[in-house]
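> The structure that follows is given in the form of structure tokens.
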Amino acid sequence: MRIIFAALLIAGANYAFAQEEVSKASPAPPSGAIVKPTSEQLKTLPTEIPNKKVETTTEVTEMKTNLNPHLFGFHADFNVPHLMNYGLDYWHSSRWFSLSANMGGGSVPSSTLKSYISDVDEPSLKISNVEAVARYHIFAGSFYLGLGYGNHTIDAAGNKTVTITSPVPGSATVRLTDRIKSNYLTPHVGWLWKLDVGLTFGFDIGYMAPSGASVELKEEALTALPGGASLADFQSTAEYQKARKDVIDASEQIGKKGLPYLALFRIGYMF
């Protein structure tokens, strides 16, 4: 029994001594202290740690580089039937869509009209328009499908000197003016090219379909009527009726009938 008791006493003393050595070798860190990793722990760490901030910055920079700027500009074009238009332009950064707001018009020289309105003197034809155009660039490039909506006014006019014998003989010069206002749709296809310096070029081909036309015919005497005669006496003559028909037909050719639309040449600038 004494031998067993002595063995237990020696074993307990050895265990206590070992615990004391461990405590001295690895003291517990105080609360909140920063513990350095051991050499064994350092071996388990990756040799390179990815820089997430740098990758994110690079991705944002590349994204900004790939985006096109929105473009704004202006243009002028020669076209049929509106002769000459001016407008403001916008081209979306995706290059799939563009818009224009146009206005303009012009007049046809009397010498040109004489071959079409032969029975009147000093013929004139004037046209003015305003419109908005939307375009879809199906390849995000120069080629597009477009649709224009607008309103135009056409004034065709001419003078006619008429002679009557009844109720009194005499003559007078009468001015006829036919004004037509109508809305229109213009489906078309076209091309729009932009150079690096900002210059733009293009042209359109389409069809103009008028709608909702209103007509105003104005007839006035430019010279004094013979005593006893009225304007109706001159309007009832065959030569006056022929001149009246020529003026009305000239305005209706554009104002009330569908026509091919062709923008022969467009030039502008975008920035």
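> Part of a strand (DSSP E or B) and hydrophobic (A, V, I, L, M, F, W, C), is that true of Val168?
No; evaluated as a whole, the condition is false for this residue.
> Evaluate the following for Leu217: is it free of Cβ contacts under 8 Å to residues at least 60 places away in the same chain and part of a loop (DSSP other than H, G, I, E, B)?
Spelling it out, it is not the case that Leu217 is free of Cβ contacts under 8 Å to residues at least 60 places away in the same chain and part of a loop (DSSP other than H, G, I, E, B).
> Quick one: in region 99-133, which of the residues that are open to solvent by 20 Å² or more (accessible area, probe 1.4 Å) and in a loop (DSSP other than H, G, I, E, B) is nearest to Val80 (Cα to Cα)?
Pro109
> OK, next. Go through region 228-271 and count every residue that is assigned to a helix (DSSP H, G or I), in contact (Cβ under 8 Å) with a residue 60 or more places away in the chain, within 16 Å of Thr165 (Cβ to Cβ) and open to solvent by 30 Å² or more (accessible area, probe 1.4 Å).
3
> (1) more than 30 Å from Ile138 (Cβ to Cβ); (2) at pLDDT 95 or above: which one isn't true of Ala209, the others all being true?
With (1) more than 30 Å from Ile138 (Cβ to Cβ); (2) at pLDDT 95 or above applied to Ala209, the lone miss is (1).
> Considering only region 63-98, state which residues are closer than 23 Å to Ala250 by Cβ and open to solvent by less than 90 Å² (accessible area, probe 1.4 Å).
Asn79, Val80, Pro81, His82, Leu83, Met84, Asn85
> While we're looking at this one, here's another question. Please identify the pairs in which a residue from region 111-124 that is within 18 Å of Gln235 (Cβ to Cβ) has its Cβ atom under 8 Å from the Cβ atom of a residue that is in a helix (DSSP H, G or I) and open to solvent by 30 Å² or more (accessible area, probe 1.4 Å), counting only partners at least 6 apart or on another chain.
Asp119/Glu239; Asp119/Lys242
> Same structure again: Within region 200-227, can you find the residues that are open to solvent by 70 Å² or more (accessible area, probe 1.4 Å) and closer than 25 Å to Leu264 by Cβ?
Ile205, Tyr207
> Among what's in region 139-154 and is open to solvent by 30 Å² or more (accessible area, probe 1.4 Å) and touching a residue at least 40 places away in the same chain (Cβ under 8 Å), pick the residue that is nearest to the chain's Cα centre (by Cα).
Among those that are open to solvent by 30 Å² or more (accessible area, probe 1.4 Å) and touching a residue at least 40 places away in the same chain (Cβ under 8 Å), it is Leu147.
The values are calculated or read from the model by the stated rules, or taken from the named source; none is laboratory data. What you are looking at is a predicted structure, and each value in this text was computed from that prediction instead of being measured. Glycine gets a Cβ as well: all are built from the backbone with ideal geometry, and neighbour counts include every protein chain shown. Ligands, DNA and RNA are excluded from the accessible area calculation, which covers all protein heavy atoms including side chains. Shrake-Rupley method; radii C 1.70, N 1.55, O 1.52, S 1.80 Å.
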